[in-house]
Amino acid sequence: MSHDNLSVISLVSIGEHPTSRRPRRAEQDARAIELGIKLAGENLQTLHAGELSDDASQQTALRSYLGMGLAEMSLLEMPAQADAVLVIAEHLKQKTPDVILTGVRAESGESSGMLPYLLAEHLGMAMVTSIADILTVDEVNQQAEVLQALPRGQRRKLTVDLPFVASVDMAAAMPRQSAFGPAMRGQLETAMAGSFTDEEASDWQTTDAKKRPKRLKIIKAKTAADRFKAATAKASGGGGKVVHGVEESAQAIIDLLVEEGLV
Amino acid sequence: MSELFRRDPRAQWIARNRLHPLHQTLVIGPVFGPSGLLRKNLHSIGFIGPNGLKRIDRSGASNDSGQGSRRAAAASDVILPLHQVLEPAFYIVVVLDLVSGRLNGHDKDTLGLAQQLANRNGGAGAVVAIAFGELKDDSLDKAGVDRLIHLNDEQYYHYNPEQRCNDLQVIVDDLQPQHILLPDSINGGGDIGRRLATKLKQRPACGVWKLNDDTVTCRGSAGKSDITRPLSKLLLVMEECSEPISETRHENIVISQDASQFSEGKLIDQGNISVDPNAIPLAEAGFILSGGNGINDWPQFHHTANVLGATEGASRVAVDDGNMPRERQVGATGTWVTAQVYIAVGISGAIQHMQGIGQCEKVVAINTDEGCDMVKRADLSAIGDSTEILTRLVELVEQRKQTINGGATNES
């Protein structure tokens, strides 16, 4: 399913390992690239906005996207703490892409997940959140069918008008491995971008995440006897229904399944 | 009145003492004389009528509740005090997720935080809850809803975030709320909240988990950092951000509101598609059929799972014996599952297995042994041979499918 005339841009960020905090390929962005390659093949364009370090080892995280089989990546240079939305929106206005793929939320910084929504608003495009796959793209009618990931492994099919912004969920297909050689050979096309400092965020205090307090089971008993019972009673004193016999059992089970809306 | 029975030692002493002047009034029930004969106390029968005369009604129509009902087992519900907001000084808007039409824990926590914002510093704000689509829950008043806007057109039964966002814009223009709260969830709240933020040109605080005086603490960096920032107008809050309301009742007054005019929708919902149940990761499957040592006929087990549309699970014994793959193992050593319905066939319930199914809502046990731990835990236990019960269950499900399909064709 490769569309030659379709312009697909995938936005990538530098991820952060949850434990070691080393820079890495962001998981959702890698899935977005995988989906983009499936959709546009060689024509997939990749865009990153951020700082480019001169040190090659610092570029590894960014280059690992190139190692997925991309020849080049556009890079909009701006200070790391600046607001990327306006920079990217300005850049994309000239490109008029049909599909913009992003992750749901970044792995570092505020990670509010607002970027795809703001881009869609700036560019006047449709927005679909947490997609698992793009099924078809109909360039004649300017429509695409996408599969949205829902809780409990369910999927919803949506028809969306082109052009659109889509954020790719972890439920999408696993990204391919990144190969070191192509990653180092790939070209980074840098361009200086304007700097929009995020003044609001400069007042915020950022600390390491504290463990959230576990909610206690609060017993609002009025009498001592109730409190005593709540403190000593076994948690699993439900006392379920017991049925005997094949016919009665099967009937009782199917009644429960119907009540829960499963059959 | 407490449902607790309290002993009255004095009354008991009087009841024992036949010479006490009040003895006759306190003795109820059958009294046997020294010879073993039943003695009826005529003085305690009947009641005093309006003209002061004693009446005895032998038809049984009237309940002469003279002095007999001392122990009224009044299981009366405690009526919580009503929190009224007559003239709201300001509004706090909460958009509810309402998964399958009911409030979930996340919604309740969000309402709890909204009430905290409405009543802090002596403010008298009202919490306006906005519900889209079906609303089955009747406990909104106990969850902290002062005002309710319910948009219940046919279109809200589908996924239409653009229309909902437009409605919210109209409501926000109308009410000018001080804060707008949404659950930052994958059930719709996170999506609509971010759409609304772009439309209102407000920067939302996402992943809020704590409210301080004038600041909020949010989870950033995908859960690795805490950001303390000033309280913003739009808040996307996490689960357990606040205690849910439990000590007051609220008015739950319905404000009528019509769906806004909106026709620029770029998304069309084509409905959910059927997913292969075994492709769903076990940890997030909603309906699991799990097999253990008690199963003799494994092909039949797979067939049953297929007919029911359930994800397959297994106990450790079934996996060790090679009947099921390792990734299907449920329990502390396998996968911790969160299913809505968990059917355990021939699983006696080792403690590791019980830990693994701790978060399941409804557990059904099919087992030959009535005394096993799984039966004690289960909400419904079927005692009998698993092969026969599963065969009968498959027949019933297929019958039901046929009647539903037949009914559908008759109607159309």
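Here are some notes:
- For the range B:391-404, the set of residues classified as modelled with pLDDT of 90 or more and either in contact with a strand residue (DSSP E or B) (Cβ under 7 Å, 6 or more places away or on another chain) or of a type in the set (Ser, Thr, Tyr) (or both) consists of B:THR391 only.
- Tally of residues being on the phi > 0 side of the Ramachandran plot and surrounded by 13 or more Cβ atoms within 10 Å (Cβ to Cβ) across the range B:16-51: 1
- The residues of the range B:198-242 that are more than 8 Å from chain A (Cβ to nearest Cβ) and in a loop (DSSP other than H, G, I, E, B), listed by number, are B:LYS201, B:GLN202, B:ASN212, B:ASP213, B:ASP214, B:LEU231, B:SER232, B:LYS233, B:MET238, B:GLU239, B:CYS241, B:SER242.
- Residues located in the range A:151-183, provided they are of a type in the set (A, V, I, L, M, F, W, C), farther than 18 Å from B:ARG195 by Cα and more than 10 Å from every other protein chain (Cβ to nearest Cβ): A:MET170, A:ALA172, A:ALA173, A:MET174, A:ALA179, A:PHE180, A:ALA183
- Top-ranked residue in the range B:243-256 [being touching an Asp or Glu at 6+ places or on another chain (Cβ under 6 Å) and either at the interface with chain A (Cβ under 9 Å from one of its Cβ atoms) or not in a loop (DSSP other than H, G, I, E, B) (or both); ranked as nearest to B:ARG194 (Cα to Cα)]: B:HIS250
For every residue, the table says whether it meets (1) of a type in the set (A, V, I, L, M, F, W, C); (2) surrounded by fewer than 18 Cβ atoms within 10 Å (Cβ to Cβ); (3) over 23 Å from B:THR248 (Cβ atoms).
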| position | (1), (2), (3) |
| --- | --- |
| B:ALA129 | yes, no, no |
| B:ASN152 | no, yes, yes |
| B:PRO161 | no, no, yes |
| B:GLN169 | no, yes, yes |
| B:GLN178 | no, yes, no |
| B:ILE192 | yes, no, yes |
| B:PRO204 | no, no, yes |
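- Just one of the numbered conditions (1) modelled with pLDDT of 90 or more; (2) over 21 Å from B:THR387 (Cβ atoms); (3) in a strand (DSSP E or B) is not true of B:GLU312: (2).
- Looking across the range A:21-67, the residues that are hydrophobic (A, V, I, L, M, F, W, C), in contact with a Leu (Cβ under 9 Å, 6 or more places away or on another chain) and assigned to a helix (DSSP H, G or I) come down to A:ALA32, A:ILE33, A:LEU35, A:ILE37, A:LEU39, A:ALA40, A:LEU62, A:LEU66.
- The number of residues in the range A:68-87 being assigned to a loop (DSSP other than H, G, I, E, B) and in contact with a Leu (Cβ under 6 Å, 6 or more places away or on another chain) comes to 0.
- Complete set of residues in the range B:165-184 that are within 11 Å of chain A (Cβ to nearest Cβ) and under 20 Å from B:LEU231 (Cα atoms): B:ASP184
Let's see how each residue does on (1) more than 9 Å from every other protein chain (Cβ to nearest Cβ); (2) touching an Asp or Glu at 6+ places or on another chain (Cβ under 9 Å):
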{"position": "B:PRO325", "(1), (2)": "yes, no"}
{"position": "B:ARG328", "(1), (2)": "yes, yes"}
{"position": "B:LYS362", "(1), (2)": "no, yes"}
{"position": "B:GLU370", "(1), (2)": "no, no"}
{"position": "B:ASP385", "(1), (2)": "no, no"}
{"position": "B:ARG392", "(1), (2)": "no, yes"}
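- Members of the range A:155-199 found to be free of Cβ contacts under 8 Å to residues at least 40 places away in the same chain and within 17 Å of the chain's Cα centre (by Cα), listed by number: A:ARG155, A:ARG156
- Residue match in the range A:143-150 (condition: facing another protein chain (nearest Cβ under 10 Å), out of contact with any Pro (no Cβ under 6 Å at 6 or more places or on another chain), without any contact (Cβ under 8 Å) to a residue 24 or more places away in the chain and surrounded by 22 or more Cβ atoms within 10 Å (Cβ to Cβ)): yes
- Scanning the range B:335-360 for residues that are at the interface with chain A (Cβ under 9 Å from one of its Cβ atoms) and surrounded by fewer than 17 Cβ atoms within 10 Å (Cβ to Cβ) gives a single hit, B:GLN340.
- Scanning the range A:57-88 for residues that are over 20 Å from the mean Cα position of the chain (by Cα) and without any contact (Cβ under 8 Å) to a residue 60 or more places away in the chain turns up A:SER57, A:GLN58, A:ALA80.
- In the range B:283-304 there is no residue that is within 14 Å of another protein chain (Cβ to nearest Cβ), at positive phi and either not polar (S, T, N, Q) or not in a strand (DSSP E or B) (or both).
- Filter pass, B:ALA259 being away from chain A (no Cβ under 14 Å) and at pLDDT below 90: yes
- Identity of the residue in the range A:107-131, more than 7 Å from chain B (Cβ to nearest Cβ) and assigned to a loop (DSSP other than H, G, I, E, B), that ends up surrounded by the fewest Cβ atoms within 10 Å (Cβ to Cβ): A:GLY124
- Test result for A:ALA191, outside any loop (DSSP other than H, G, I, E, B), closer than 30 Å to A:ASP55 by Cα and at the interface with chain B (Cβ under 9 Å from one of its Cβ atoms): no
The values are calculated or read from the model by the stated rules, or taken from the named source; none is laboratory data. From a predicted model like this one, the values you see are computed outputs, not experimental measurements. With ideal geometry, Cβ positions are generated from the backbone for all residues, glycine too; neighbour counts draw on all protein chains shown.
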